[in-house]
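Undergrad: The following block contains the structure, expressed as structure tokens.
The values are calculated or read from the model by the stated rules, or taken from the named source; none is laboratory data. Small disclaimer: the values here were computed from a predicted structure and weren't measured. Every residue, glycine among them, receives a Cβ derived from its backbone with ideal geometry; neighbour counts consider all protein chains shown. Quick note on the areas: whole protein, heavy atoms, side chains included, nothing else; ligands and nucleic acids left out. Shrake-Rupley method; radii C 1.70, N 1.55, O 1.52, S 1.80 Å.
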Amino acid sequence: MTLFCQHIIFKIMIRNVLLFIVLLCGVNSYSQSKSQSSWQQNVDYLIDVSLDDVNHILKGEIAITYTNNSPDALSEIYMHLWPDGYSSDTTAFAKQMEENGDMDFYYSNEKERGSIGSLDFQTSGKSLSIKATQYKDVVRVQLLEPLKSGKKVTLFTPFKVVLPKVFSRLGHEEQDYFATQWYPKPAVYDVNGWNPMPYLNFGEFYSEFGNFKVNVTLPENYTVVATGECQTIGELSANKPGMGDSVAVSSTKLKTVQFTASDVHDFAWFASKRWGYVTSKIKVDGKEVLARVVAAEPNVKDLKHIATAITYYSENVGTYPYSHATVVHGELKAGGGMEYPMITLCDFMSDEVIVHEVGHNWFYGILASNERTYPWMDEAINSYYESEAMKKYKKSRGDVTEDVMMAFIKDNLLRNE
């Protein structure tokens, strides 16, 4: 069955299930309210990282300022070290891949795998002890003294990430780089306690909001795009043609590109010597949002799909709060696309995939629900709004292809019953 047909069938299923979800929400509203709170933790990051594009390694330092807004005193912080999910056959990620019949990672060699190391968590110049958990890519950092309610602590550590071949989200394909789930990151602490979760291919995330200041150092002839606003003068300032399949030799001259982001729950960046980009501006509630498509061969028509998502969701869900919406066409093995605040990575560039992935800026970018526990609050709700946005977009251009295909699929389903 083609990807398009599968997607149409999925839409039929979603529409039939949505009514059930609404009814279920009503039944569960009381129980859900008991597991919510009026407070939320805050985590701010300062990160300096350098790319070694010969050995495919990231080296850096990170300062994490953790503010405890909960009523509880915390003696430890659970820390996600998700690159270690790629380090052995015994991780939750590796086991899930094998259980799902994807044996690429199982049969990979050591050079193709990834890890995070060189960690030395400190605060006030004193090293902190680390305790293991049941997951190799989650540890417990023991604080020098309990962190009281309303207080904050800053943790510092160097780190080194060996980037794997792309098996899922994080990694590299030759000298195209996809830095996602790449830095040490505290788990969420909420009314239910700590929410540590291992990295999985099928299974997404739950994170605290905060501010990011990230410096990325790499050879000068790389295009680098990221969550947040670029603060480096001369970078990303005008449209730039892509280079297709040709790959230049890395420049011996390095550059440092700085990005800042406020009130977001994650930070991703992507870099390649082949990529160029095209841009346009979208007017939303009296302000302009920059749409950007990044690819080896960027196509201006994809800017229209970004505009469809930004416009429809802003009108029907809430105004897009960020300065740009960037779509990167690159290597991904965890579905057709994967979202991060302000930026998404798409393996398959189509109107529906782009609208869907940009739509994730609302669900779960702004909403930031626990995707691992309540995946329907992310995928199901977003799929509904994506479907409505596409319906309006295709109606406005007189495109009846989907309606014809929907009738065809329904007819075939009935015939095969």
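Undergrad: Under unit Cβ charges (Lys, Arg +1; Asp, Glu -1), what dipole magnitude, rounded to 20 debye, does the chain have relative to its Cα centre?
TA: 660
Undergrad: Right, here's the next one. Can you pull the one-decimal nm distance between simple spin-label points at Y107 and N299, each 7 Å off the Cα toward Cβ?
TA: According to this spin-label approximation, the distance is 3.2 nm.
Undergrad: Here is a follow-up. According to the square roots a ≥ b ≥ c of the eigenvalues of the Cα gyration tensor, what is the shape class of segment 271-383, taking rounded for a/c under 1.5, prolate for a/b larger than b/c otherwise, and oblate for the remainder?
TA: oblate
Undergrad: Additional query: Between T65 and I233, what FRET efficiency follows from the Cβ-Cβ distance if R0 is 25 Å, with the result rounded to 0.05?
TA: For T65 and I233, the calculated efficiency is 0.40.
Undergrad: Classify segment 241-281 from the C-alpha gyration tensor, please: rounded if a/c falls under 1.5, else prolate or oblate depending on whether a/b exceeds b/c.
TA: oblate
Undergrad: Using DSSP to call loops (not H, G, I, E or B), can you name the GluC sites (Glu not before Pro) in segment 183-250 whose Cβ has at most 13 other Cβ atoms within 10 angstrom?
TA: Passing sites in segment 183-250 are E220.
Undergrad: For a quick check: with amide H placed at 1.01 Å from N, whose amide H comes under 5 Å from F121's, ignoring anything fewer than 5 positions away on the same chain?
TA: Close amide H contacts, sequence-distant or interchain: L128.
Undergrad: Under a 1.4 Å probe, what is the accessible area of the chain per residue, stated in Å²?
TA: Result: 46 Å² per residue.
Undergrad: Hydropathy at least -0.5 by Kyte-Doolittle, axial extent at least 20 angstrom from the Cα trace: which helices of the chain, defined as entire DSSP H runs, fit?
TA: Answer set is 3-33, 401-415.
Undergrad: Sticking with this one: Report, to the nearest whole %, how much of the accessible area of segment 101-194 belongs to carbon and sulfur atoms, 1.4 Å probe, protein only.
TA: Of all accessible area on segment 101-194, carbon and sulfur atoms account for 45 percent.
Undergrad: Taking the chain as a Gaussian network, Cα atoms linked when under 10 Å apart, which of W376, W269, W194 shows the biggest mean-square fluctuation?
TA: Its mean-square fluctuation being the largest, the pick is W194.
Undergrad: Let me ask something else. State the Cα centre-to-centre distance between segment 138-198 and segment 49-92 in whole Å.
TA: 3
Undergrad: If contacts are Cα pairs under 8 angstrom and at least 6 residues apart, what is the relative contact order of the chain in percent?
TA: It comes to 14 percent, rounded to a whole number.
Undergrad: Please state the charge dipole magnitude for segment 202-307, taken about the Cα centre, from unit charges on C-beta atoms (+1 on K and R, -1 on D and E), reported in debye and rounded to the nearest 20.
TA: Approximately 440 debye in magnitude.
Undergrad: Hey, what's the Cα Rg ratio for segment 112-224 versus the globular rule of thumb, 2.2 N^0.38 Å?
TA: Relative to the rule-of-thumb radius for its length, segment 112-224 sits at 1.22.
Undergrad: If R₀ is 41 angstrom, what is the calculated FRET efficiency for the pair D89 and K126, using the beta carbon separation as r and rounding to 0.05?
TA: 0.70
Undergrad: Between N55 and T256, what is the label-to-label distance in nm when each label sits 7 Å out along the Cα-to-Cβ direction?
TA: 2.1
Undergrad: If I model a spin label as a point 7 Å beyond the Cα along the Cα-Cβ vector, how far apart are those points for T373 and S37 in nm?
TA: 1.1
Undergrad: Taking only Cα atoms and a 10 Å spring cutoff, compute GNM fluctuations for the chain and point out the largest among E297, E288, E145.
TA: Top of the fluctuation ranking is E145.
Undergrad: Efficiency by 1/(1 + (r/R0)^6): what FRET value for K148 and S118, r their Cβ-Cβ distance, R0 = 35 Å, to the nearest 0.05?
TA: E(calc), rounded to 0.05, equals 0.70.
Undergrad: Then there's this: Compare K152, K301 by solvent-accessible area with a 1.4 Å probe and give them largest first, with all protein chains kept in place.
TA: Largest accessible area first, the residues go K152, K301.
Undergrad: Sticking with this one: Rounded to the nearest 10 Å², what accessible area does T133 show when all protein chains are kept and the probe is 1.4 Å?
TA: Accessible area, nearest 10 Å²: 40 Å².
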